[in-house]
1. Of the conditions (1) hydrophobic (A, V, I, L, M, F, W, C); (2) out of contact with any helix residue (DSSP H, G or I) (no Cβ under 7 Å at 6 or more places or on another chain); (3) in a loop (DSSP other than H, G, I, E, B), L70 fails just one. Which one is it?
2. Do you know which residues across the stretch 47-67 are on the phi < 0 side of the Ramachandran plot and not in a helix (DSSP H, G or I)?
3. Could you grab me the full set of residues in the stretch 1-31 that are without any contact (Cβ under 8 Å) to a residue 40 or more places away in the chain and on the phi < 0 side of the Ramachandran plot?
4. Can you name the residue in the stretch 58-109 that is hydroxyl-bearing (S, T, Y) and surrounded by 13 or more Cβ atoms within 10 Å (Cβ to Cβ) and is also modelled with the highest pLDDT among such residues?
5. Would the stretch 51-72 turn up any residue that is more than 13 Å from the chain's Cα centre (by Cα) and among the acidic types (D, E)?
6. Where in the stretch 74-124 are there strands (runs of 3 or more DSSP E), lying fully within it, with 3 or more residues that are in contact (Cβ under 8 Å) with a residue 40 or more places away in the chain?
7. So which residues in the stretch 26-46 are of a type outside the set (S, T, N, Q) and either within 10 Å of the chain's Cα centre (by Cα) or in a loop (DSSP other than H, G, I, E, B) (or both), if there are any at all?
8. Go through the stretch 96-121 and give me each residue that's touching a helix residue (DSSP H, G or I) at 6+ places or on another chain (Cβ under 6 Å) and of a type in the set (S, T, Y).
Amino acid sequence: MIQGTGIDMIEVERIAARVSRDSGFKEMVFSKSEIAYCESKAFPFEHYAARFAAKEAFLKAIGRGWDSGLALHEIEILNEENGKPVLKLSGKTAVALDSLGIRRMHVSLSHLKSYATAIVMLES
């Protein structure tokens, strides 16, 4: 049964500015694995933006916002060997959301030079 859906779209330049300018922003929002993945790409800011959009979409799907006490770097968007993106929760965020009964999480990312978007679907 579907528990929640969320979608988000963001301008790549907005994330590029924050990642480049704001000290600590990248580490607050992205996990070490996400940072390594994005930095390995020819156009890293498109990948950062898509992951940021996925985190926003996830928060929408669970009905919470940035101020809900969840650690964004504990909401990870990783890739399977075939490139398929997957959501992984860890730390206090995983514990906090365990009571929601989410059994499956689906995520899809898309990005262009200027925009990135993501959709998240949660199942019980």
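1. All conditions pass for L70, except number (2).
2. Answer for the stretch 47-67, where residues must be on the phi < 0 side of the Ramachandran plot and not in a helix (DSSP H, G or I): R64, G65.
3. Within the stretch 1-31, R14, A16, A17, R18, V19, S20, R21, D22, S23, F25, K26 qualify.
4. This residue is S108.
5. Within the stretch 51-72, one or more residues are more than 13 Å from the chain's Cα centre (by Cα) and among the acidic types (D, E).
6. 75-79, 104-111, 115-123
7. As a first pass, look at the stretch 26-46 and keep what is of a type outside the set (S, T, N, Q): 26-30, 32, 34-39, 41-46.
Answer for the stretch 26-46, where residues must be of a type outside the set (S, T, N, Q) and either within 10 Å of the chain's Cα centre (by Cα) or in a loop (DSSP other than H, G, I, E, B) (or both): V29, F30, E34, K41, A42, F43.
8. S114, T117
The values are calculated or read from the model by the stated rules, or taken from the named source; none is laboratory data. Note that the structure is a prediction, hence the values are computed from the model and not measured. A quick note on method: Cβ atoms are made from the backbone with ideal geometry, for glycine too, and the neighbour counts reach across all protein chains shown.
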